[in-house]
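Notes to accompany the following structure.
The values are calculated or read from the model by the stated rules, or taken from the named source; none is laboratory data. Given the structure is predicted, the values throughout are model-derived calculations rather than measurements. With ideal geometry, Cβ positions are generated from the backbone for all residues, glycine too; neighbour counts draw on all protein chains shown.
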Amino acid sequence: MIKKLIILSLALTAVGCAGVKTVPLSEESIPMIEGRAISGSFSNEKPGFAAMTAGKGAFGALGAVAMISAGNKLIAENNVEDPADYIYEALATELAKQYALRLLEGSRVETSGAKLDELSAQVNDSRLLLDVRTVGWNFVYFPTTWNKYKVGYSAMLRLIDTSTKEVLAESMCSKTSHEDSDTAPTYDELVANQAERLKQELHAAANYCIKDFKGNTLRL
């Protein structure tokens, strides 16, 4: 239960969270990466999706577990994709074009952790790794309008040189779908038609993060 509560805490505070430093790709690093091979890494353990409804929110720790259980079920039953995959595909293609990199198709490294040593140990060709992972996703009701919901999403990006085990660039992106409850969807609108509105909100957040990572982290 404690593990799930920690995951929930990350999910609910991911939007606007601090603690991950922003390190843009430096001018000095660009000549060292040009022409090299690059692939991605991804986590086989995505964080729990917290579906925070007013009813579950009233039950403390038990409600927290119920939120994640309901959220994970919603994600699975409606085939809601992890936005990190979409973000990776967009950025990897842009990186390859910008810096004349050789994009290794179908060779992303699967990992359950995020430690540099573990990631680097899984490749033997000194490639670059573009590590994009979801660190928090959820929907939560407005505290003043309980029947309206906003979607929160956060992703972390790192560009890793596996030959030196160095992080060349890294940052966090966070996005909330609605600040105003007037334009926000209801729960039924969010999950109707195989959670189509939820998928749209997550896709919009992913596009926001792609733009943010391109401009502020990867110099694209």
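The criterion of at least 2 residues that are of a type in the set (Lys, Arg) is met by the following strands (runs of 3 or more DSSP E) wholly inside the stretch 89-188: 145-161.
Do you know which of the residues in the stretch 190-220 that are among the β-branched types (Val, Ile, Thr) and closer than 25 Å to Ser29 by Cβ is nearest to the chain's Cα centre (by Cα)? Let's see the steps before the verdict.
Narrowing the stretch 190-220 to residues among the β-branched types (Val, Ile, Thr): 191, 210, 217.
Narrowing further to those that are closer than 25 Å to Ser29 by Cβ: 210, 217.
Numbers: Ile210: 11, Thr217: 15 Å.
Filtering the stretch 190-220 for residues that are among the β-branched types (Val, Ile, Thr) and closer than 25 Å to Ser29 by Cβ, the one nearest to the chain's Cα centre (by Cα) comes out as Ile210.
Looking for something under 24 Å from Val191 (Cα atoms), of a type outside the set (Gly, Ala, Ser) and within 13 Å of the chain's Cα centre (by Cα) - is there at least one such residue anywhere in the stretch 157-172? No, the conditions are met nowhere in the stretch 157-172.
Of all residues in the stretch 62-88, those satisfying the criterion of being touching a residue at least 24 places away in the same chain (Cβ under 8 Å), part of a helix (DSSP H, G or I) and among the aliphatic types (A, V, I, L, M) are Ala64, Val65, Met67, Ile68, Leu74, Ile75, Ala84, Ile87.
Give Ala66, Ala70, Ala76, Ala96 a once-over and let me know the one that is among the small types (Gly, Ala, Ser) and under 26 Å from Glu34 (Cβ atoms). Going through Ala66, Ala70, Ala76, Ala96 in turn, the sole match is Ala96. Residue count for the stretch 178-202 satisfying the condition of being touching a Pro at 6+ places or on another chain (Cβ under 6 Å) and touching a residue at least 40 places away in the same chain (Cβ under 8 Å): 1.
Looking at the stretch 144-156, is at least one residue surrounded by fewer than 18 Cβ atoms within 10 Å (Cβ to Cβ), under 24 Å from Ile68 (Cα atoms) and modelled with pLDDT of 95 or more?
From the stretch 144-156, those surrounded by fewer than 18 Cβ atoms within 10 Å (Cβ to Cβ) are 144-147; that's our starting set.
Filter once more, keeping what is under 24 Å from Ile68 (Cα atoms): 144-147.
Narrowing the set further to residues that are modelled with pLDDT of 95 or more leaves none.
No, that holds for no residue.
Thr176 meets all of the listed conditions (1) more than 29 Å from Thr93 (Cβ to Cβ); (2) of a type in the set (Val, Ile, Thr); (3) at pLDDT below 95 but one, namely (1). Quick check: is even one residue across the stretch 159-167 surrounded by fewer than 16 Cβ atoms within 10 Å (Cβ to Cβ) and basic (Lys, Arg)? The answer is yes, given that some residue of the stretch 159-167 is surrounded by fewer than 16 Cβ atoms within 10 Å (Cβ to Cβ) and basic (Lys, Arg).
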